[in-house]
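Novice: To start, I am sharing the structure in question, which I have written as structure tokens.
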């Protein structure tokens with residue numbers, strides 16, 4: 001599933017062609033994706049100007065000039081692909097097509113149909129069921145080691161599991177949790193409630209660094225993810241531990257190799273020497 005860097009990359013690509021443009025048509029080529037589309041969605045949004053495309057956690061927010069917001073999620077295999085004209089052949093899994101006033105199209109392609117497109121009226125975005133309980137944005141100035149430690153207080157689960165809980169911090173998935181813990185020198189097995197003080201500061205800093213580097217590289221293309229241009233992301237070439245079981249630890253002279261184990265039904269990669 002695309003994580004925060006991949007969704008941020010998609011949002012930046014969409015913003016380039018959507019911000020300030022009028023949405024002249026919204027074509028829905030099936031009644032649903034993961035959930036049914038809201039009744040009358042096309043009528044509700046057609047003719048509205050898109051003020052800005054931004055993001056909350058792993059959700060795409062298309063904000064309209066009357067205060068309404070379309071909320072999108074890519075699911076496991078979703079892609080937002082920019083096209084140039086409605087005469088381009090419709091792909092088998094192009095389930096939603098946004099047609100803009102200058103002829104540019106954006107196609108929401110989702111073979112597995114685990115994504116969704118929903119709508120929130122003015123003032124109701126933060127109260128949307130998918131967004132209401134999300135934790136802080138990790139790239140915001142308000143996200144600090146102290147904030148992270150406070151959200152981990154009393155949590156007896158592993159720190160890796162806590163990071164995957166979107167109520168702790170928004171947008172982090174399996175790849176970036178493993179990478180951030182590596183650079184912070186924290187074992188994924190460590191109890192979350194014991195990540196305090198300097199450890200929490202290191203982890204908050206490494207989360208920001210890893211996510212920022214991933215965004216700069218266009219995200220990670222592991223299976224389905226591509227940017228809005230169709231290009232792959234390249235951050236997978238910079239992974240320190242994820243997917244590198246048996247390879248030498250890249251940032252210490254311990255002589256050990258990266259280990260893999262299953263944690264909460266997810267693959268975890270780490271250096272047992274570096275991460276304590």
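The values are calculated or read from the model by the stated rules, or taken from the named source; none is laboratory data. Quantities reported herein were computed from a predicted structural model and do not represent experimental measurements. Here the Cβ positions follow ideal geometry from the backbone for every residue, glycine too, while neighbour counts run over all protein chains shown.
Novice: Name every residue in segment 140-150 that is surrounded by 16 or more Cβ atoms within 10 Å (Cβ to Cβ) and assigned to a helix (DSSP H, G or I), in order of residue number.
Specialist: 145, 147, 148, 149
Novice: Name the residue, out of 126, 101, 137, 121, that is within 24 Å of residue 67 (Cα to Cα), under 20 Å from the mean Cα position of the chain (by Cα) and surrounded by fewer than 16 Cβ atoms within 10 Å (Cβ to Cβ).
Specialist: Answer to the selection: 126.
Novice: Determine if segment 179-196 includes at least one residue that is within 30 Å of residue 81 (Cβ to Cβ) and surrounded by 14 or more Cβ atoms within 10 Å (Cβ to Cβ).
Specialist: yes
Here is a yes/no grid of residues against (1) over 25 Å from residue 130 (Cβ atoms); (2) outside any loop (DSSP other than H, G, I, E, B):
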| residue | (1), (2) |
| --- | --- |
| 154 | yes, no |
| 160 | no, yes |
| 163 | no, yes |
| 171 | no, no |
| 176 | no, yes |
| 180 | no, yes |
| 183 | yes, yes |
| 187 | yes, no |
| 198 | yes, yes |
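Novice: Which residues, counting only those in segment 244-266, are closer than 24 Å to residue 162 by Cα, in contact with a strand residue (DSSP E or B) (Cβ under 7 Å, 6 or more places away or on another chain) and either part of a loop (DSSP other than H, G, I, E, B) or not assigned by TED's automatic domain parsing to the domain that holds residue 173 (or both)?
Specialist: 244, 245, 258, listed by residue number.
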